[in-house]
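Peer 1: I am attaching a structure below and will ask some questions about it afterwards.
The values are calculated or read from the model by the stated rules, or taken from the named source; none is laboratory data. Model, not experiment: these values are computed from the prediction. Because the Cβ atoms are built from the backbone with ideal geometry, glycine has one as well, and the counts that use them run over all protein chains shown.
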Amino acid sequence: MTNLEKSMESLIMVFHHYASEDKDGKTLNKKELKKLIQNELPSFLKSQKNANVVDSIMKDLDQNKDDKLDFEEFIPLVVGLSMACEKCYVLHEKKGTK
Ligand SMILES: [Ca+2]
Ligand SMILES: [Ca+2]
């Protein structure tokens, strides 16, 4: 498998790992989302000063307002964070050449 394929597979595995903590393995409820962020995105969580960050993420991403995130609703979080990371990465690289 290529690196990108592996990344996609781990993304799917992480989502389902946390989503299946309750009976509904297809979606993340708020508790599951919180656990995922705490365990898998600790530096993102640290960078957030807002204590209700999980609530606001849920509100932002939950398109159909059922208080749960399916995989489709979850993906924009990862995409958004990846874009933020990429910007940091570019910034670091520029700093490095100085
Ligand atoms: Ca679930
Ligand atoms: Ca939803």
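Peer 1: How many residues does region 12-37 hold that are under 12 Å from the mean Cα position of the chain (by Cα) and under 19 Å from Val54 (Cα atoms)?
Peer 2: Total satisfying the criteria: 10.
Peer 1: Then there is this: Which residue pairs have Cβ atoms closer than 9 Å, lie 6 or more positions apart in sequence or on different chains, and pair a first residue in region 67-79 that is acidic (Asp, Glu) and assigned to a helix (DSSP H, G or I) with a second residue that is within 7 Å of ligand 2 (Cβ to nearest atom) and modelled with pLDDT of 95 or more?
Peer 2: These pairs meet every condition: Glu72/Gln63; Glu73/Thr27; Glu73/Asp62; Glu73/Gln63; Glu73/Asn64.
Peer 1: Consider region 19-47. How many of its residues are out of contact with any strand residue (DSSP E or B) (no Cβ under 9 Å at 6 or more places or on another chain), assigned to a loop (DSSP other than H, G, I, E, B) and surrounded by 15 or more Cβ atoms within 10 Å (Cβ to Cβ)?
Peer 2: Looking only at that region, the number is 1.
Peer 1: Further question: Look at Glu9 and say whether it is surrounded by 12 or more Cβ atoms within 10 Å (Cβ to Cβ) and part of a helix (DSSP H, G or I).
Peer 2: No; evaluated as a whole, the condition is false for this residue.
Peer 1: Looking only at region 72-81, decide whether some residue is loosely packed, with under 10 Cβ neighbours inside 10 Å and over 19 Å from Thr27 (Cβ atoms).
Peer 2: No: zero hits.
Peer 1: Something else now. Which of the residues spanning region 57-71 are acidic (Asp, Glu), in contact with a helix residue (DSSP H, G or I) (Cβ under 9 Å, 6 or more places away or on another chain) and surrounded by fewer than 18 Cβ atoms within 10 Å (Cβ to Cβ)? Even if it seems obvious, please write down each step before you answer.
Peer 2: Going residue by residue through region 57-71, those that are acidic (Asp, Glu) are 60, 62, 66-67, 70.
The next check asks that each one be in contact with a helix residue (DSSP H, G or I) (Cβ under 9 Å, 6 or more places away or on another chain); those that pass are 60, 62, 67, 70.
Asp60, Asp67, listed by residue number.
Peer 1: Which residue, of Asn3, Asn39, Asn29, is polar (S, T, N, Q), within 12 Å of ligand 1 (Cβ to nearest atom) and more than 17 Å from Pro76 (Cβ to Cβ)?
Peer 2: Criteria check complete, one pass: Asn29.
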